[in-house]
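The values are calculated or read from the model by the stated rules, or taken from the named source; none is laboratory data. These figures come from a predicted structure and were not determined experimentally. So basically every Cβ, Gly included, is an ideal-geometry build from the backbone, and we count neighbours across all protein chains shown. The area values use the complete protein model at the heavy-atom level, side chains included, leaving out ligands, DNA and RNA. Shrake-Rupley method; radii C 1.70, N 1.55, O 1.52, S 1.80 Å.
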Amino acid sequence: MPELPEVETIARELRPLVVGAVVRETWTDWPRVIRHPDPAAFGRGLVGHEVLDVTRRAKWLVLALSGELALVVQVKMTGQLLVQPARVPRDRHVHLAVAFEDGRELRLRDVRKFARVGLYRRGEDGMPLAADEAAELFAGHGPEPLDPSFTLRAWRARLRGRRGRLKSLLMDQAFLAGVGNIYADEALWRARLHPLRGAASLRPAEERRLYEAVRGVLREGIERRGSSVGDYTAPEGDGEMQQHLDVYQRTGRPCHRCGRPVRRIVLGGRGTHFCSWCQRLPLAERTPAVRRLLASATVAARRGPTWDDLPAAVGAVGARPSRGTRRAAR
Ligand SMILES: [Zn+2]
(Lines give C-alpha, C1' and ligand atoms only; values in the text may rest on other atoms or scores of the structure.)
Protein backbone atom coordinates (compact mmCIF):
# COMPACT_ATOMS: atom_id res chain seq x y z
CA MET A 1 0.00 0.00 0.00
CA PRO A 2 1.58 3.26 -1.03
CA GLU A 3 2.29 5.51 1.93
CA LEU A 4 3.21 9.17 2.14
CA PRO A 5 6.56 8.95 0.26
CA GLU A 6 5.07 6.91 -2.57
CA VAL A 7 2.07 9.17 -3.08
CA GLU A 8 4.28 12.27 -2.80
CA THR A 9 6.55 10.81 -5.48
CA ILE A 10 3.61 10.15 -7.79
CA ALA A 11 2.40 13.73 -7.25
CA ARG A 12 5.83 15.23 -7.98
CA GLU A 13 6.33 13.16 -11.12
CA LEU A 14 2.80 13.61 -12.38
CA ARG A 15 2.87 17.39 -11.96
CA PRO A 16 5.13 18.27 -14.93
CA LEU A 17 3.31 15.75 -17.08
CA VAL A 18 -0.24 17.00 -16.61
CA VAL A 19 -0.15 20.63 -15.50
CA GLY A 20 -1.55 22.72 -18.35
CA ALA A 21 -3.41 19.82 -19.94
CA VAL A 22 -7.11 20.34 -20.65
CA VAL A 23 -9.59 17.51 -20.27
CA ARG A 24 -11.36 16.48 -23.46
CA GLU A 25 -13.31 13.47 -22.20
CA THR A 26 -13.22 10.58 -19.73
CA TRP A 27 -13.64 6.86 -20.13
CA THR A 28 -14.16 4.01 -17.70
CA ASP A 29 -15.09 0.33 -17.82
CA TRP A 30 -15.42 0.15 -14.03
CA PRO A 31 -17.82 2.85 -12.87
CA ARG A 32 -17.36 1.83 -9.21
CA VAL A 33 -13.89 3.39 -9.25
CA ILE A 34 -15.71 6.75 -9.29
CA ARG A 35 -16.84 7.46 -5.74
CA HIS A 36 -18.16 10.96 -6.29
CA PRO A 37 -20.30 12.21 -7.95
CA ASP A 38 -22.07 9.63 -10.13
CA PRO A 39 -20.04 8.51 -13.16
CA ALA A 40 -21.98 10.58 -15.68
CA ALA A 41 -21.65 13.76 -13.63
CA PHE A 42 -17.98 12.96 -13.01
CA GLY A 43 -17.30 12.75 -16.75
CA ARG A 44 -19.30 15.89 -17.57
CA GLY A 45 -17.77 17.79 -14.68
CA LEU A 46 -14.19 17.28 -15.86
CA VAL A 47 -14.56 18.23 -19.52
CA GLY A 48 -12.96 21.50 -20.52
CA HIS A 49 -11.06 21.99 -17.26
CA GLU A 50 -7.31 22.57 -17.10
CA VAL A 51 -5.00 20.83 -14.63
CA LEU A 52 -3.40 23.56 -12.50
CA ASP A 53 -1.40 21.57 -9.98
CA VAL A 54 -0.86 18.12 -8.48
CA THR A 55 -0.45 17.83 -4.72
CA ARG A 56 -0.90 15.27 -1.95
CA ARG A 57 -2.88 15.07 1.26
CA ALA A 58 -2.35 11.97 3.43
CA LYS A 59 -2.32 9.08 0.94
CA TRP A 60 -4.44 10.90 -1.63
CA LEU A 61 -3.39 12.66 -4.82
CA VAL A 62 -5.13 15.96 -5.41
CA LEU A 63 -5.25 17.38 -8.94
CA ALA A 64 -6.36 20.99 -8.74
CA LEU A 65 -8.39 21.93 -11.80
CA SER A 66 -9.64 25.20 -13.21
CA GLY A 67 -13.20 26.03 -12.22
CA GLU A 68 -12.48 25.43 -8.53
CA LEU A 69 -12.47 21.68 -8.94
CA ALA A 70 -10.28 18.98 -7.45
CA LEU A 71 -9.86 15.50 -8.89
CA VAL A 72 -8.71 13.26 -6.05
CA VAL A 73 -7.23 9.81 -6.51
CA GLN A 74 -6.41 7.18 -3.94
CA VAL A 75 -4.27 4.55 -5.63
CA LYS A 76 -4.62 2.05 -2.77
CA MET A 77 -2.96 -1.37 -3.05
CA THR A 78 -2.36 -1.80 -6.75
CA GLY A 79 -3.29 1.43 -8.52
CA GLN A 80 -0.82 3.01 -10.93
CA LEU A 81 -1.11 6.30 -12.78
CA LEU A 82 0.29 6.51 -16.29
CA VAL A 83 0.36 9.27 -18.85
CA GLN A 84 0.36 7.81 -22.32
CA PRO A 85 -0.51 8.86 -25.87
CA ALA A 86 -4.14 8.02 -26.56
CA ARG A 87 -3.03 5.98 -29.57
CA VAL A 88 -1.22 3.49 -27.30
CA PRO A 89 -3.79 0.76 -26.59
CA ARG A 90 -4.97 0.64 -22.97
CA ASP A 91 -4.10 -2.63 -21.31
CA ARG A 92 -6.92 -4.57 -19.69
CA HIS A 93 -6.11 -3.31 -16.21
CA VAL A 94 -6.68 0.34 -17.14
CA HIS A 95 -10.12 1.12 -15.73
CA LEU A 96 -10.24 4.89 -15.99
CA ALA A 97 -8.80 7.28 -18.57
CA VAL A 98 -8.90 11.05 -18.59
CA ALA A 99 -8.20 12.12 -22.17
CA PHE A 100 -6.55 15.49 -22.72
CA GLU A 101 -6.93 17.78 -25.73
CA ASP A 102 -3.22 17.31 -26.52
CA GLY A 103 -3.73 13.65 -27.46
CA ARG A 104 -2.50 12.09 -24.22
CA GLU A 105 -4.39 10.23 -21.51
CA LEU A 106 -3.98 10.02 -17.76
CA ARG A 107 -4.71 6.36 -17.09
CA LEU A 108 -5.51 4.62 -13.85
CA ARG A 109 -4.26 1.06 -14.06
CA ASP A 110 -5.38 -1.12 -11.18
CA VAL A 111 -5.09 -4.90 -11.17
CA ARG A 112 -7.23 -5.36 -8.06
CA LYS A 113 -9.61 -2.42 -8.56
CA PHE A 114 -9.23 -0.95 -5.07
CA ALA A 115 -8.38 2.55 -6.27
CA ARG A 116 -10.94 5.32 -6.04
CA VAL A 117 -11.37 8.73 -7.56
CA GLY A 118 -13.68 11.62 -6.91
CA LEU A 119 -14.38 15.08 -8.27
CA TYR A 120 -14.99 17.81 -5.71
CA ARG A 121 -15.16 21.55 -5.43
CA ARG A 122 -11.92 22.90 -3.97
CA GLY A 123 -10.83 25.77 -1.78
CA GLU A 124 -8.17 28.38 -2.62
CA ASP A 125 -5.42 26.19 -1.12
CA GLY A 126 -6.10 23.61 -3.80
CA MET A 127 -7.52 21.11 -1.37
CA PRO A 128 -11.07 19.78 -1.61
CA LEU A 129 -13.46 21.80 0.47
CA ALA A 130 -14.09 20.34 3.89
CA ALA A 131 -17.80 20.72 3.41
CA ASP A 132 -20.66 18.52 2.36
CA GLU A 133 -19.56 15.77 0.07
CA ALA A 134 -15.82 16.31 0.50
CA ALA A 135 -15.93 16.11 4.28
CA GLU A 136 -15.59 12.33 4.36
CA LEU A 137 -12.27 12.52 2.54
CA PHE A 138 -9.99 14.49 4.80
CA ALA A 139 -11.94 15.40 7.89
CA GLY A 140 -10.73 12.36 9.81
CA HIS A 141 -7.06 12.78 8.94
CA GLY A 142 -4.38 13.84 11.37
CA PRO A 143 -1.61 16.37 10.60
CA GLU A 144 0.93 16.02 7.80
CA PRO A 145 4.17 14.85 9.47
CA LEU A 146 6.40 16.83 7.09
CA ASP A 147 4.43 20.03 7.26
CA PRO A 148 6.46 22.90 8.78
CA SER A 149 3.69 23.45 11.31
CA PHE A 150 4.21 19.93 12.63
CA THR A 151 6.87 20.80 15.17
CA LEU A 152 8.31 18.73 18.00
CA ARG A 153 6.03 20.68 20.29
CA ALA A 154 3.00 19.78 18.16
CA TRP A 155 4.09 16.13 18.18
CA ARG A 156 4.36 16.10 21.96
CA ALA A 157 0.95 17.69 22.32
CA ARG A 158 -0.46 15.04 20.02
CA LEU A 159 1.13 12.18 21.97
CA ARG A 160 -0.08 13.46 25.31
CA GLY A 161 -2.79 11.30 26.80
CA ARG A 162 -2.52 8.67 24.08
CA ARG A 163 -2.74 5.12 25.26
CA GLY A 164 -2.28 2.70 22.32
CA ARG A 165 0.92 0.96 21.29
CA LEU A 166 3.36 2.89 19.14
CA LYS A 167 2.99 0.77 16.00
CA SER A 168 -0.80 1.04 15.96
CA LEU A 169 -0.70 4.72 16.80
CA LEU A 170 1.71 5.58 13.97
CA MET A 171 -0.52 3.78 11.48
CA ASP A 172 -3.68 5.49 12.73
CA GLN A 173 -4.48 8.04 10.00
CA ALA A 174 -6.48 10.11 12.45
CA PHE A 175 -3.37 10.45 14.63
CA LEU A 176 -0.89 11.17 11.83
CA ALA A 177 -1.54 11.22 8.08
CA GLY A 178 0.35 9.13 5.58
CA VAL A 179 2.33 6.60 7.66
CA GLY A 180 1.59 2.93 6.98
CA ASN A 181 3.19 -0.40 7.72
CA ILE A 182 6.55 0.10 6.02
CA TYR A 183 7.46 3.49 7.45
CA ALA A 184 6.02 2.74 10.91
CA ASP A 185 8.34 -0.28 11.25
CA GLU A 186 11.30 1.67 9.89
CA ALA A 187 10.73 4.71 12.11
CA LEU A 188 10.45 2.59 15.25
CA TRP A 189 13.68 0.76 14.43
CA ARG A 190 15.47 4.07 13.85
CA ALA A 191 14.13 5.45 17.12
CA ARG A 192 15.09 2.21 18.93
CA LEU A 193 11.54 1.88 20.25
CA HIS A 194 9.63 -1.39 20.45
CA PRO A 195 6.45 -1.51 18.30
CA LEU A 196 4.47 -2.75 21.32
CA ARG A 197 5.68 0.06 23.54
CA GLY A 198 2.84 2.07 25.06
CA ALA A 199 2.76 5.67 23.88
CA ALA A 200 2.00 6.87 27.39
CA SER A 201 5.33 5.60 28.75
CA LEU A 202 7.62 7.57 26.40
CA ARG A 203 10.16 9.83 28.03
CA PRO A 204 10.89 13.24 26.46
CA ALA A 205 14.10 12.01 24.79
CA GLU A 206 12.20 9.08 23.28
CA GLU A 207 9.44 11.34 22.02
CA ARG A 208 12.06 13.41 20.26
CA ARG A 209 13.78 10.35 18.77
CA LEU A 210 10.51 9.06 17.36
CA TYR A 211 9.59 12.47 15.96
CA GLU A 212 12.93 12.73 14.20
CA ALA A 213 12.79 9.12 13.02
CA VAL A 214 9.31 9.42 11.50
CA ARG A 215 10.20 12.58 9.63
CA GLY A 216 13.63 11.32 8.66
CA VAL A 217 12.43 8.06 7.19
CA LEU A 218 9.60 9.76 5.30
CA ARG A 219 12.01 12.33 3.86
CA GLU A 220 14.44 9.63 2.82
CA GLY A 221 11.55 7.67 1.30
CA ILE A 222 10.65 10.68 -0.85
CA GLU A 223 14.29 11.25 -1.85
CA ARG A 224 14.48 7.63 -2.96
CA ARG A 225 11.15 7.92 -4.79
CA GLY A 226 9.32 5.49 -2.54
CA SER A 227 9.46 1.78 -1.77
CA SER A 228 8.50 -0.42 -4.70
CA VAL A 229 7.27 -3.39 -2.73
CA GLY A 230 4.12 -4.90 -4.18
CA ASP A 231 2.71 -3.00 -7.14
CA TYR A 232 3.78 0.55 -6.41
CA THR A 233 5.45 2.36 -9.23
CA ALA A 234 5.65 6.05 -10.09
CA PRO A 235 5.28 7.77 -13.47
CA GLU A 236 9.08 7.66 -13.88
CA GLY A 237 9.40 4.02 -12.80
CA ASP A 238 10.03 2.14 -9.56
CA GLY A 239 11.40 3.74 -6.43
CA GLU A 240 14.51 2.47 -4.68
CA MET A 241 13.74 2.87 -0.99
CA GLN A 242 12.93 -0.86 -0.82
CA GLN A 243 16.67 -1.50 -1.16
CA HIS A 244 17.40 0.66 1.88
CA LEU A 245 14.87 -0.57 4.42
CA ASP A 246 16.31 -1.70 7.75
CA VAL A 247 13.63 -4.05 9.07
CA TYR A 248 10.56 -4.15 6.84
CA GLN A 249 10.34 -7.59 5.19
CA ARG A 250 13.84 -8.43 6.45
CA THR A 251 12.67 -11.18 8.82
CA GLY A 252 15.58 -13.37 9.90
CA ARG A 253 18.20 -11.16 8.30
CA PRO A 254 20.79 -9.42 10.46
CA CYS A 255 19.83 -6.15 12.09
CA HIS A 256 21.82 -3.36 10.45
CA ARG A 257 22.80 -2.06 13.89
CA CYS A 258 23.56 -5.12 16.03
CA GLY A 259 23.60 -8.07 13.64
CA ARG A 260 20.92 -10.06 15.46
CA PRO A 261 18.06 -11.45 13.36
CA VAL A 262 15.11 -9.20 12.60
CA ARG A 263 11.91 -10.57 14.14
CA ARG A 264 8.37 -10.54 12.84
CA ILE A 265 5.11 -10.61 14.75
CA VAL A 266 1.58 -10.05 13.49
CA LEU A 267 -0.08 -7.03 15.05
CA GLY A 268 -3.55 -5.99 13.98
CA GLY A 269 -3.29 -8.34 11.03
CA ARG A 270 -0.12 -6.69 9.74
CA GLY A 271 3.41 -8.03 9.76
CA THR A 272 5.51 -6.03 12.20
CA HIS A 273 9.30 -6.15 11.95
CA PHE A 274 11.75 -5.19 14.68
CA CYS A 275 15.00 -6.02 16.44
CA SER A 276 14.36 -7.28 19.96
CA TRP A 277 17.87 -6.23 21.02
CA CYS A 278 17.86 -2.67 19.70
CA GLN A 279 14.18 -2.09 20.43
CA ARG A 280 13.80 -3.20 24.03
CA LEU A 281 10.40 -3.41 25.64
CA PRO A 282 10.51 -2.27 29.28
CA LEU A 283 9.71 -5.05 31.77
CA ALA A 284 6.71 -3.16 33.09
CA GLU A 285 5.06 -3.45 29.67
CA ARG A 286 5.58 -7.18 29.32
CA THR A 287 2.07 -8.24 30.25
CA PRO A 288 1.04 -11.87 29.73
CA ALA A 289 -0.68 -10.96 26.43
CA VAL A 290 2.43 -9.16 25.22
CA ARG A 291 4.62 -12.10 26.22
CA ARG A 292 2.41 -14.47 24.26
CA LEU A 293 2.58 -12.22 21.22
CA LEU A 294 6.36 -11.93 21.47
CA ALA A 295 6.67 -15.70 21.87
CA SER A 296 4.99 -16.03 18.47
CA ALA A 297 7.74 -13.99 16.81
CA THR A 298 9.32 -15.62 13.84
CA VAL A 299 12.83 -15.15 12.55
CA ALA A 300 12.32 -17.31 9.46
CA ALA A 301 11.34 -15.52 6.29
CA ARG A 302 7.82 -16.63 5.45
CA ARG A 303 7.54 -15.25 1.98
CA GLY A 304 9.53 -15.56 -1.18
CA PRO A 305 12.76 -13.67 -1.72
CA THR A 306 12.85 -10.09 -0.52
CA TRP A 307 14.17 -7.25 -2.62
CA ASP A 308 17.58 -7.75 -1.08
CA ASP A 309 17.72 -11.30 -2.40
CA LEU A 310 16.69 -10.66 -5.97
CA PRO A 311 19.35 -10.53 -8.65
CA ALA A 312 19.68 -7.07 -10.14
CA ALA A 313 17.34 -7.47 -13.09
CA VAL A 314 14.52 -9.48 -11.53
CA GLY A 315 11.31 -7.67 -10.85
CA ALA A 316 12.75 -4.29 -11.66
CA VAL A 317 10.87 -1.86 -13.85
CA GLY A 318 13.02 1.20 -13.34
CA ALA A 319 16.79 1.41 -13.08
CA ARG A 320 18.38 -0.18 -10.02
CA PRO A 321 21.43 1.80 -9.00
CA SER A 322 24.21 -0.05 -7.23
CA ARG A 323 23.84 -0.66 -3.53
CA GLY A 324 26.28 -0.57 -0.68
CA THR A 325 27.27 3.03 -0.08
CA ARG A 326 24.48 3.80 2.32
CA ARG A 327 25.64 2.22 5.59
CA ALA A 328 28.91 4.03 5.40
CA ALA A 329 27.15 7.30 4.77
CA ARG A 330 25.04 7.05 7.88
ZN1 LIG B 1 19.50 -4.70 16.42
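Laid out as a table, the results:
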{"quantity": "Most mobile listed residue (18, 117, 88) in the chain, GNM with C-alpha springs under 10 Å", "calculated": "88"}
{"quantity": "Taking all pairs of distinct alpha-carbon atoms in the range 1-93, Kirkwood radius in angstrom", "calculated": "14.1 Å"}
{"quantity": "Charge tally in the Cβ shell below 13 Å around residue 151, where Lys, Arg are +1 and Asp, Glu are -1, residue 151 excluded", "calculated": "+1"}
{"quantity": "Size of charge dipole - the range 1-142 - debye, nearest 20, with Cβ of Lys, Arg +1 and Asp, Glu -1, no other charges", "calculated": "540 debye"}
{"quantity": "Computed label-point distance, nm, for sites residue 147 and residue 163 using a 7 Å Cα→Cβ extension", "calculated": "2.7 nm"}
{"quantity": "Nearby lysines by direct alpha-carbon distance to residue 113 (threshold 25 angstrom, same-chain neighbours under 8 apart not counted)", "calculated": "59, 76"}
{"quantity": "Options 115, 17, 100, ranked by Cα towards positive dipole end of the range 1-150, top entry (Cβ charges)", "calculated": "115"}
{"quantity": "Relative contact order, percent, the range 26-183 [alpha-carbon distance under 8 Å, six or more residues apart]", "calculated": "22 percent"}
{"quantity": "Fraction of accessible area attributable to carbon and sulfur, the range 97-246 (%, probe 1.4 Å)", "calculated": "46 percent"}
{"quantity": "Heavy-atom SASA rank of 296, 228 (probe 1.4 Å, accessible area, largest first)", "calculated": "296, 228"}
{"quantity": "Per residue, the convex hull volume that the Cα atoms of the chain enclose (Å³)", "calculated": "148 Å³"}
{"quantity": "Accessible-area composition of the range 40-94, carbon plus sulfur, in percent [1.4 Å probe]", "calculated": "52 percent"}
{"quantity": "222 nm mean residue ellipticity, helices alone, for the chain (DSSP H n ≥ 4; -39,500 (n - 2.57); rounded to 500)", "calculated": "-7000 deg cm²/dmol"}
{"quantity": "Lys, Arg +1 and Asp, Glu -1 on Cβ, resulting dipole of the chain about Cα centre, debye, nearest 20", "calculated": "2140 debye"}
{"quantity": "Heavy-atom accessible area per residue - the chain, 1.4 Å, Å²", "calculated": "46 Å²"}
{"quantity": "For residue 260, solvent-accessible area (1.4 Å; no DNA, RNA or ligand), Å²", "calculated": "100 Å²"}
{"quantity": "Rounded accessible area of residue 77 (nearest 10 Å², 1.4 Å probe)", "calculated": "80 Å²"}
{"quantity": "Computed E for residue 25/residue 260 - FRET, C-beta separation, R0 56 angstrom, nearest 0.05", "calculated": "0.45"}
